[in-house]
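Okay, so here's the structure we're looking at.
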Amino acid sequence: QPRWSHNAHRIPDYYYGIQLNSNYRAFDLSLFFNGVGGVQKYNAVAQRLSNVSGGGGNKTVSVLDRWSESNPNSSNPRAIVNDPNGNDRFSSRWVEDANYFRLKNIQLGYTLPVGVLGLKNGTRVYVSGTNVFTKTPYSGLDPEFSTAIDFSRSQNAVQQQAATDNGFIPQPRTFQFGVRTTF
């Protein structure tokens, strides 16, 4: 299990990317992959959604597998009002590896021959996608989230906020169709 400390891997050990371009006759294909390795994030959303110490609200399905006398081998703590053991406090329990490999952009195009549609220059028709897929062990919505830090807080609080997922909106997956031409 990852540990969360002052020397935790909040900044990736390495970044990588590869751009591949290919042409065949009138077709062209462009792919851009990127990712990071050696990074850990604190999943505060999972912490909040797994808190079973009392009160209502939404919970994750994992809380159904909590510790009980009939389920003594669970890694999830027992559900108890006011949680006297502090099982849901800030701890390494919520630290996750957030390495990822992502198909960031893909574009497939076709250039129509000159003269088609009465145009003197070639017209290109294409489809593209952004954030098409992501492979990651991170259980949150997006391992590439950006943390908003409130620097008016104490230095210790700022350090705890760094690389903390508080439920930020993930990057959207988009698909586009387009036509490029000159008249």
Can you pull the one-decimal nm distance between simple spin-label points at Leu141 and Ser62, each 7 Å off the Cα toward Cβ? 1.8
To the nearest 20 Debye, how big is the dipole of the range 34-87 about its Cα centre, given +1 on the beta carbon of each Lys and Arg and -1 on that of each Asp and Glu? 160
Once R0 is set to 22 Å, what does the formula 1/(1 + (r/R0)^6) return for the Cβ-Cβ distance between Phe90 and Gln171, expressed as a FRET efficiency to the nearest 0.05? 0.25
With equal scatterers on the alpha carbons only and no solvent term, can you work out the Debye log10 of I(q)/I(0) for the range 1-126 at 0.15 1/Å? -0.84
Can you compute the equivalent ellipsoid semi-axes for the range 40-110, i.e. the square root of 5 times each eigenvalue of the Cα gyration tensor, sorted largest first and rounded to whole Å? 35, 14, 13
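Tally Lys and Arg at +1 and Asp and Glu at -1 over the other residues with C-beta under 10 Å from the C-beta of Asp165: what net charge comes out? All intermediate terms of the calculation are to be shown ahead of the outcome.
Details: positive: Lys41; negative: Glu96, Asp142.
Overall, the nearby charge balance is -1.
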Using 7 Å Cα-to-Cβ label points, what is the Leu117/Thr182 separation (nm, one decimal)? 1.6
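Rule-based calculations on the coordinates, nothing more; no lab input. As the structure is a computational prediction, the values presented were derived from the model and not from experiment. Cβ sites come from the backbone with ideal geometry, for glycine too, and all protein chains shown count toward neighbours.
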